[in-house]
Amino acid sequence: MENAQNLRKDEYIQLKLRELYRQYGYLPYRMGRFEEYELYMRNRNFLRSDRILTFTDTDGKLRAMKPDITLSIVRDYDGAGLQKLCYSESVFRPGNSGFRQIEQSGLECIGKLDPYLEGEVLMLAVKSLKTIGEGYLLDISHVGFVSALADQYLDSIFSMDILKELARKNADGIRKICAEASIDKEITDIFIRMSESYGPAEEMLDIMKDMVRNSDMEKALKELSDTVKILREFEPDGKIMIDLSMADDRNYYSGLIFRGMTEGVPEYVLSGGRYDNLLKRMGKEGNAIGFAVYLDLLGDMDESRDRKDCDILLIRKDTDDPKDIVKAVDELIAKGMSVRVEKEQERIRYRKKAELKDGVLKIYE
Amino acid sequence: MSDRYLNIALPKGRLGEKAYGLLAKAGYECPSVLEESRKLIFEDEGNKVRYFWVKPSDVAVYVERGSADMGIVGSDTILETEPSIYELLDLNIGKCTMSVAGPKGFTDDRSRVLRVATKYPNITRDYYDGLGRDIDVIKLNGSIELAPILALSDVIVDIVETGNTLRENGLIKYTDIMDISARLISNKVSYKFLYGRMTELMKALENVVKEEALKA
């Protein structure tokens, strides 16, 4: 993606997302300080990994390099009305080879939620994905719909196992667990369909009607379809899909759950959902929904690979008058181009090469 | 994008050749795959599939990172490395068991830590955790059968197909931990963008697997 500011793809998206969230009235949240390690210790179930980068601060207290923004935002929530916040921060999480600094943008909506607000958050997720690229998909689901079926027919151990297999779309694994737990064919087939079905939200909502076996499922289905209706008002052509296999994160998510994908990036670039459990855990009233965009993944997108170091590579000779070089550089920059002045052209990726001929700039095509 | 090549990673060796056989029967042929050569990538323009041969334990890595959309891999590797992928189909080939084996007359002395040699430390730890048995895992990369013979370990945890290797080394299979077989896996994101083509392939392959089961 070309952009006037000459930013890296992820930097450009970060800026655009901040603009987008501000347009819809989400206020920026800034985390300048370091949290005490205890905050993450106490809520480790709500973190993706319980390995946290810590250090001893000047006052002797154990503090942490934040692995997550949501915990701080929820901790700061004072329970007064609706809070709409957006952020763009670095988080520190363990990777394959030590801790990594990961750039994240996202938003949180905390207070008393309803389908309109959920629809608005989903709309912003769709718009975020569109900002990243036209080839995108937003998968949504409702954790309650799937777990209500699992809890009705299976004890807690089997229930956990089946949600795990569901998350891997492992139909053979689901059949095996159902057989072990003596689940009849009809219910087994519903789990299989939950694993294999995938499609546009409205088509899937129809299919889900036949899966309902108890009032909790009915309630979840209604919540999901109400939210989709609102979302459609915002985004009539949005590529919104339902994937019921996203159900393994029930400790964290309590209702709506969604993930966004961009063509060419092999992992989810966006992830979010309803996380009322965390508020409850911190002793606060209300609901919460939010999502994060993983900007670090965008660096791997194809466009970034043919990035150039500069527009013009200006080859400087010892015989050139420095005054002429400075003049040429200033002119090029004034035209909006980036210039790199070098004696040799080793390992520089440029669009056009140039040099001075008798003090006059000559650009080669 | 929907007419782009479907990239499929096959495990080098007998299992991969068998798996390719099933894929070919399901209509995803690419005759050049089986030619003797050092080439690693093969394309079939008609079917829009691209196969490549990789080390069996690397298949899941290629798929998880999206360099392959789909792949064929043993369930032992999936359980050991827990990659973030979809596990779409049991191909019913490459069948064997993950088992505990040891020398003749072995009895577990519960007053000592049990030394277990294996290529699969995670599966081993999970299994013995479930039994509440304290163990010392010795991670080896091959010739596991040697470990109890040289008293490097008390027992081994390894995949057992026919049991011949165990017998020839004077070892006995004591317990089966789980059944192992080859699985069709896919990248989670590719699956969504290529849902139609992937489910078509999966269903065609499922039918072939069923036919083969009837023949057996």
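Quick note: the coordinates plus some simple rules give every number you see, no bench work behind them. Quick caveat: nothing in here was measured; it's all calculated off a predicted structure. Backbone-built Cβ (ideal geometry, glycine too); neighbour counts: all protein chains shown.
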For A:263-269, what's the mean count of beta carbons from other chains sitting within 10 Å of each residue's beta carbon?
5
Between the Cα axis of helix A:143-153 and the main Cα principal axis of chain A, the angle (0 to 90°, nearest 10) is 30 degrees
What are the lysines whose alpha-carbon lies under 23 Å from the alpha-carbon of residue A:357, with same-chain residues fewer than 8 places away excluded?
A:317, A:323, A:327, A:335, A:343
For each of A:157, A:242, count neighbouring Cβ atoms within 10 Å of the residue's Cβ, then give the residues from fewest to most.
A:157, A:242
Contact order normalised by length for the stretch A:136-262, with contacts defined as Cα pairs under 8 Å and 6 or more residues apart; what percent is it?
53 percent
What's the angle, to the nearest 10 degrees (0 to 90), between helix A:156-167's Cα axis and the longest principal axis of chain A?
40 degrees
Eligible lysines near residue B:48 by straight Cα distance, threshold 22 Å, same-chain separation 8 or greater:
B:12, B:18, B:25, B:39, B:188, B:192, B:203
Can you count the Lys pairs in the stretch A:136-262 whose Cα atoms are under 27 Å apart, with each pair 8 or more apart or on different chains?
24
From the helices alone, meaning DSSP H stretches of at least four residues, give me the mean residue ellipticity at 222 nm for the protein assembly as shown, per-run term -39500 (n - 2.57), in deg cm²/dmol to the nearest 500.
-11000 deg cm²/dmol
Report, to two decimal places, the Cα Rg of chain B normalised by 2.2 N^0.38 Å (N = number of residues).
1.15
Order of A:292-298, A:31-37 by packing, highest average Cβ count within 10 Å first?
A:292-298, A:31-37
List the extent of the Cα atoms of the stretch A:309-364 along each of their three principal axes, largest first, rounded to whole Å.
25, 25, 16
With a 10 Å Cβ neighbour count serving as the proxy for reagent exposure, in which order, fewest first, do A:313, B:140 appear?
B:140, A:313
Could you give the C-alpha radius of gyration of the protein assembly as shown expressed as a fraction of 2.2 N^0.38 Å, taking N as the number of residues it contains?
1.14
Let me have the relative contact order for the stretch A:231-365, percent, based on Cα pairs under 8 Å that are six or more residues apart.
18 percent
Going by how many other Cβ atoms sit within 10 Å of their own, how do A:56, B:124, A:227, A:131 line up, fewest first?
A:56, A:131, B:124, A:227
Applying a 10 Å radius around every beta-carbon, put A:337-349, A:70-82 in order of their mean neighbour count, most first.
A:70-82, A:337-349
Output the relative contact order of the stretch A:309-364, whole-number percent, from Cα pairs under 8 angstrom with separation of 6+ residues.
51 percent
Let me understand the stretch B:96-179 better: what is its radius of gyration from the alpha carbons, and its Dmax, in angstrom?
11.5, 33
Environment charge of residue B:134, counting only residues whose C-beta is closer than 15 Å and scoring Lys/Arg +1, Asp/Glu -1:
-1
How far, in degrees from 0 to 90, does helix B:121-131 lean away from the longest principal axis of the Cα atoms of chain B, to the nearest 10?
60 degrees
Which one, A:194, A:227, A:212, projects farthest toward the positive side of the charge dipole computed for the stretch A:136-262 from Cβ point charges (K/R +1, D/E -1)?
A:194
Considering only the stretch A:136-262, what is the antiparallel percent among its DSSP beta bridges, to the nearest 5?
75 percent
